[in-house]
Amino acid sequence: MEGMIQELFSYECGLHKDSRGFLCFFEQWPIHSFHLGSMQPGAVRGNHTHVADEIICILGAAGNCRVELNDESSGRRLELTVEDDPALYRVKAGIRHTLTNTGEQTFYLVSFLA
């Protein structure tokens with residue numbers, strides 16, 4: 001399972017945590033199509049692909065966000081629950097992805113194409 005996760009997306013996105021909180025540095029990627037959004041309880045976003053990798057930062061969703069990934073070219077599928085706060089993912093180009101708020105609180109997303 002871990003190998004499949006690494007093939008579909010990567011966690012290496014420049015997230016730095018310390019006693020003050022966290023910072024994300026994105027200077028290593030050109031940023032296109034920058035988005036900031038919220039997800040209400042029960043909301044679903046995505047079920048789409050991109051021609052470029054998408055960087056997604058999920059804020060306030062630990063234990064309450066389901067991520068579904070589908071590599072249609074190989075038939076591989078993966079479903080996981082976000083465990084970290086913040087959670088930072090790089091979804092590879094061409095991977096169909098869907099986020100669902102399974103909790104009772106609103107959480108937030110920052111995303112862009114790289």
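The values are calculated or read from the model by the stated rules, or taken from the named source; none is laboratory data. Predicted, not measured: the structure shown is a model, and the values here were computed from it. Please note: Cβ atoms are built from the backbone with ideal geometry, for glycine as well, and neighbour counts cover all protein chains shown.
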Note to self: I'd like to verify a number: residues in region 46-84 that are within 13 Å of Val110 (Cα to Cα) and among the charged types (D, E, K, R), how many?
What the structure shows: 1
Next item on the list: Select, from Val82, Val44, the only residue that is β-branched (Val, Ile, Thr) and surrounded by 16 or more Cβ atoms within 10 Å (Cβ to Cβ).
Entry: Val82
Checklist line | Identity of the residue in region 49-66, at pLDDT below 95 and assigned to a strand (DSSP E or B), that ends up nearest to Lys92 (Cα to Cα) | finding: Glu54
